[in-house]
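Structure first, then comments.
What follows is calculated from the coordinates using simple rules that are stated; it is not laboratory data. Values in this document were obtained by computation on a predicted structure and should not be read as measured data. With ideal geometry, Cβ positions are generated from the backbone for all residues, glycine too; neighbour counts draw on all protein chains shown.
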Amino acid sequence: MILLTGSTGSVGLSLAKLLSQRGIEYRAMVRDVAKASALDLAGAEWVQGDFQDTESLRQSLDGVDRVFLLAPPVENIDRIEATFLDIAAACGVRYVVNLSAVGAGLGVPHRFGQWHGQTEKYLRESEFDFTILRPNFFMQNLLTMTSMIQQGTLYVPAGEGKAPFVDVRDIAAVAATCLTETGHEGKIYDVTGPVSIGYSDIAATLTHVLGRTINYVDIPAEAAKASMLEMGMPAWLVDALNELNAGLKENRFGLVTNVVSEVGHKIPIDLDSFVRDHVASFA
């Protein structure tokens, strides 16, 4: 039995839909079973579970041998994932597909990378078979910027840095392969889009597809922080996002791979196609 965590988030839900389309049965851990059941996905067994509730984790993991581990983006995510993995080991789970993060590793200059690096270290030292997925920046992050796009200007402290933004549907395709095929144990896959792009490129694509001018303004990190804090975001998350933007600005995440085509067995979605798929959101 496969257990999906994070199955109502952007990556997890895309993975759940993909498994359902392929006729693969799975269990999906969610906080609200009634809400998730309304999604009506074939082959899905919805189970109530919370990363902060160890008993619910035991119940969710009962009879499971493969896990897709996607914890919520909380502070010190590595501690939450370590607790989950301890319980998974005790429940007899043999294989873990872990959604890590771009640039993850011990001692890297961004906290999400550090936390995911700790989880990767745990897996390497454990008895689990595992596959680690390190996705680059999500194209779907642009959907959180719809207000700026509608007003005609993207304000991001990213300079002219570039990274191969990736569609979550492509991440899901790679994860589905790893969960249902053999030969991926012990692998670390950098999951990327087809080409490195920067926010100037994103603004140009939005302009072309939407038929109206979208500008990009590189703002100071301090200004971005003040804006995010004003929106009510917690300080630790604001700093973590600014650390990622700093890495983007310094071109630390520019590696392009063929993982989506070679492992996910599909043509990776490019930015033009992504924007066209979400025109209604940006209009």
Taking the convex hull of the alpha-carbon atoms of region 48-114 and averaging its shadow over every direction gives an area in square nanometres of 4.6
Lys and Arg at +1, Asp and Glu at -1: neighbours of Asp239 with Cβ under 10 Å from its Cβ sum to +1
Looking only at lysines whose Cα falls under 29 Å of Lys225's and that sit 8 or more positions away or on another chain, we get Lys162, Lys249
For region 211-283, shape from the Cα gyration tensor axes a ≥ b ≥ c, cut at a/c of 1.5 then a/b versus b/c, turns out oblate
Dividing the mean separation of Cα pairs under 8 Å (6+ apart) by the residue count of the chain yields a relative contact order in percent of 18
Counting only DSSP beta bridges with both partners in region 105-250, the antiparallel fraction in percent, to the nearest 5, comes to 10
Computed curve, the chain, Cα-only Debye sum without solvent term, log₁₀ I(q)/I(0) at 0.11, 0.12, 0.14, 0.16 Å⁻¹, is -0.65, -0.78, -1.06, -1.35
Looks like region 1-136, by Cα gyration tensor root eigenvalues a ≥ b ≥ c and the a/c under 1.5 rounded cutoff (else prolate when a/b is bigger than b/c, oblate otherwise), is prolate
For region 15-101, averaging the sequence separation of alpha carbon pairs under 8 Å that lie six or more residues apart and dividing by its residue count, the contact order in percent is 24
Contact order relative to length for region 149-210, counting C-alpha pairs under 8 Å separated by 6 or more residues, stands in percent at 52
Summed over the other residues with a beta carbon less than 14 angstrom from that of Val191, with K and R at +1 and D and E at -1, the charge totals 0
Helix 111-125 sits off the longest principal axis of the Cα atoms of the chain, rounded to the nearest 10 on a 0 to 90 degree scale, by 30
Over region 46-200, the quotient of the Cα radius of gyration and 2.2 N^0.38 Å is 1.14
Relative to the chain, whose Cα atoms define the longest principal axis, helix 77-90 and its Cα axis are tilted in degrees, nearest 10, by 20
Assertion target for Ser60, Ser37, Ser10, ordered by fewest C-beta neighbours within 10 angstrom first, is Ser37, Ser10, Ser60
Ranked from fewest to most other Cβ atoms within 10 Å of their own Cβ, Asp277, Asp167 fall in the order Asp277, Asp167
Measuring from the longest principal axis of the C-alpha atoms of the chain, the long axis of helix 235-249 (C-alpha) lies at a number of degrees, nearest 10, equal to 70
If Lys162, Lys121, Lys35 are placed from fewest to most neighbouring beta carbons inside 10 Å, the sequence is Lys35, Lys121, Lys162
